[in-house]
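Chemist: There's a structure below that I have some questions on.
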Amino acid sequence: MKRVIVVGGGITGLSAAYALLKRAQQRGQALSISVLERERAWGGKIATQRVRLEGMHDAFVIEGGPDTFLATKPWGVALCKELGLGERLHGTNPQQRSTYVLQGGRLQPLPDGLTMMIPTQIKPMLATGLLSWPAKLRMGADFFIPPQPLNGDESLGAFVTRRLGRDVYERLIEPLMSGIYAGDGDHLSLQATFPYLRDLELQHGGLVRGALATRRKLARQGQASSAPGSRSAFLTPTTGLAEIVEALVERLQAGGVELRSGAAAMSVQPAGSGYALILENGERELVDGLVLAAPAFASGALLAELDPTLAAELKAIEYVSTATVSLAYRQEDLKRPLDGYGYVIPRREGRQALACTWTSTKFPHRAPQGYALLRVFIGRAGQQAEIPWDEAGLLQLARRELAETLDLTAEPVLWRTFLWKDAMPQYNLGHPARLQRIDAALQPWPALALAGNGYRGIGIPDCIRSAELAAEAVLSAM
Ligand SMILES: Cc1cc2nc3c(=O)[nH]c(=O)nc-3n(C[C@H](O)[C@H](O)[C@H](O)COP(=O)(O)OP(=O)(O)OC[C@H]3O[C@@H](n4cnc5c(N)ncnc54)[C@H](O)[C@@H]3O)c2cc1C
């Protein structure tokens, strides 16, 4: 029987094992599959806590890492449906969809009419207090600036500034787009993060023109409505994303997959036509195929002996640390209504927090009646040294953010901090070329595949997709 090991038990590793199991069963192929996870818990960055206060019937659903996934990328929804979770997926609250942007310490509503984060309606843009009149005029120049001929990679910041002006970039686009990566838009590669923006420029002659055309296309397909009741772009299972992890673990165990937590892989060596995987406890596992679903730098460390060049490329993908602090309050302690999904904080505001999600408004079922749940997102590229990364420091920072912006100084009834060290990959300038070099370096190593958030997408659906491709590549090569 052929043997495959998956290293890493986050959403990528578990999805890879599931894809291996499913495909092997479909082909009637006998396959021994193991998943090794360094930590005790499964799920990696997916960390849901369901917390019930004394005497309370309903629980708070606290997400330490991701809190939702994008429905428009099909791989997340498809996996949930296969796992029997389709009926348990909730969208975001359609009744209070506002998002705010912090500006000069005050919350300004994000203007309506953004399509793929690009402004496509004139009236709300003219009315917004987020932008000065010169900034609004400069944004209009997008209609007249010709597309730049193909010029290789360009930073997200440089591209948006070139099309819409620096103010629009810093006040509107940067907090929305760079926030996804906790990154610095002046370093993030446009091609690796938002390649469709460049396509809009090339195909339609400008960003706004392109976004308008997309809006019309979506409207024809019935997907562009922002009215209450329209389909949500983001989904999550009822009691948190851990439902996906729990369902995967159950399926894998039922399918005979060996799940070993508390088991760290140390290095990969060549062994006959396959590989030997050396574990931290000294065990040596012989395998025909390997899926490395750990962060890129961790996979790089595993491959240091086998292929130093490939290892160096993997280790060169930068990751930054982030943290989330979730805090619950009695509704009567709030000084202002949480009438939206929360707010984002532009880098130019100089704050250490990146965003604040009003969780109990965005997903009302995540807090018991009478309570509000908020989550402060901390840490971004370029500001790593300034953050107090210990639990007390993070809590203090989060509470200061809530006091300054929401005048919320009451004692929380509950709080949880989650520190994610080296968690967010930075697809910086040069990332697409690095991926090509990594693909080329993998050629001499059959049935060895890389998957995870370090390469071609950071969101959960992209991770699942990368896992499925890795499983397919390993099975085909064996
Ligand atoms: C705070 C935060 C908020 C986010 N929000 C969202 C969101 O709302 N929506 C969204 O789609 N995405 C979000 N993301 C991104 C998304 O959560 C991650 O990209 C995704 O969960 C990564 O999954 P993964 O399995 O590739 O990696 P991980 O979850 O990092 O799993 C990798 C696993 O490998 C293990 N490992 C490492 N080295 C070894 C070794 N040598 N041996 C054995 N095991 C090893 C690690 O312990 C870890 O469990 C967020 C991320 C963070 C940190």
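Read-outs throughout are calculated quantities, based only on the coordinates presented, and are distinct from any laboratory measurement. Keep in mind that what you see is a predicted model, and the values were worked out from it rather than measured. So basically every Cβ, Gly included, is an ideal-geometry build from the backbone, and we count neighbours across all protein chains shown.
Chemist: Provide the descending list of Cα extents for segment 115-165 along its principal axes, expressed in whole angstroms.
Modeler: Cα extents, longest axis first: 36, 20, 17 Å.
Chemist: Put +1 on the Cβ of each Lys and Arg and -1 on the Cβ of each Asp and Glu in the chain; which of PRO119, TYR455, ALA271 then has its Cα farthest toward the positive end of the dipole?
Modeler: Projecting each Cα onto the dipole axis, the largest value belongs to PRO119.
Chemist: In addition: Cα atoms only, segment 150-208: Rg and Dmax in Å?
Modeler: 10.6, 30
Chemist: Aspartates and glutamates near LYS136 by alpha-carbon distance under 18 Å, same-chain residues fewer than 8 away left out - which ones?
Modeler: ASP112, ASP167, GLU170, GLU174
Chemist: Okay, next question. Calculate the translational D of segment 82-225 in whole µm² s⁻¹ from Stokes-Einstein, where the hydrodynamic radius comes from the Kirkwood formula applied to all Cα pairs, the temperature is 37 °C and the viscosity 0.692 mPa s.
Modeler: Numbers: Rh = 16.4 Å.
Rounded to a whole number, D works out at 200 µm²/s.
Chemist: Which one of GLY185, HIS204, GLY157 is farthest out on the positive end of the charge dipole of segment 113-220, using unit charges on Cβ (Lys, Arg +1; Asp, Glu -1) and the Cα centre as origin?
Modeler: Of the candidates, HIS204 comes out farthest on the positive side.
Chemist: Compute the Rg to Rh ratio over the chain from the alpha carbon atoms, using the Kirkwood formula for Rh, and round to two decimal places.
Modeler: That ratio is 0.97, to two decimals.
Chemist: Related question: Relative to the first principal axis of the alpha-carbon coordinates of the chain, what is the inclination of helix 195-204, with its axis defined by its Cα atoms, in degrees from 0 to 90 and to the nearest 10?
Modeler: 60 degrees
Chemist: In square nanometres, what is the average projected area of the Cα convex hull of segment 219-373? Present the calculation step by step, with values, prior to reporting the outcome.
Modeler: Values: hull surface 65.8 nm².
The orientation-averaged projected area of the Cα hull of segment 219-373 comes to 16.4 nm².
Chemist: Can you give the angle from 0 to 90° between the axis of helix 460-477 and the longest principal axis of the chain, with both taken from C-alpha atoms, to the nearest 10?
Modeler: For helix 460-477, the angle is close to 20 degrees.
Chemist: Please list 383-392, 130-139 highest first by mean number of surrounding beta-carbon atoms within 10 Å per residue.
Modeler: Ranked from most to least packed, the peptides come out as 130-139, 383-392.
Chemist: Only Lys, Arg, Asp and Glu count, each charged at its Cβ (+1, +1, -1, -1), so figure out the dipole size of the chain about its Cα centre, rounded to 20 debye. Spell out each step's value before the answer.
Modeler: Working: 51 positive and 47 negative charges, 290 e Å.
In debye, rounded to 20, the chain gives about 1400.
Chemist: Calculate the all-directions average of the projected area of segment 26-92's alpha-carbon convex hull, and give it in nm². Don't skip to the answer; put the middle values down first.
Modeler: On the way: hull surface 31.1 nm².
About 7.8 nm², averaged over all directions.
Chemist: Next question. For each pair in LYS22/LYS73; LYS73/LYS315; LYS22/LYS45; LYS2/LYS81, compute the distance between the two Cα atoms and list the pairs where it is over 26 Å.
Modeler: LYS73/LYS315; LYS2/LYS81
Chemist: What's the center-to-center distance, using Cα atoms, between segment 34-60 and segment 62-80 in Å?
Modeler: Comparing the Cα centres of segment 34-60 and segment 62-80, I get a distance of 16 Å.
Chemist: To the nearest 10 degrees, how steep is helix 242-254 against the longest Cα principal axis of the chain, on a 0 to 90 scale?
Modeler: 20 degrees
Chemist: Over 15 Å, how big is the tail of the calculated P(r) for segment 390-434, in percent of all Cα pairs? All intermediate terms of the calculation are to be shown ahead of the outcome.
Modeler: Values: 599 of 990 pairs.
Result for the distance tail: 61 percent.
Chemist: Students often forget the sequence filter, so: which lysines lie under 27 Å Cα-Cα from LYS335 once same-chain residues fewer than 8 apart are removed?
Modeler: By straight Cα distance, LYS335 reaches LYS362.
Chemist: Mean 1/r over all different Cα pairs, inverted: what Kirkwood radius does segment 44-167 give, in Å?
Modeler: On the way: mean 1/r = 0.0528 Å⁻¹.
About 19.0 Å for segment 44-167.
Chemist: Under 15 Å Cα to Cα from LYS421, which aspartates and glutamates show up? Leave out anything in the same chain fewer than 8 places away.
Modeler: GLU39, GLU318, GLU386, ASP390, GLU391
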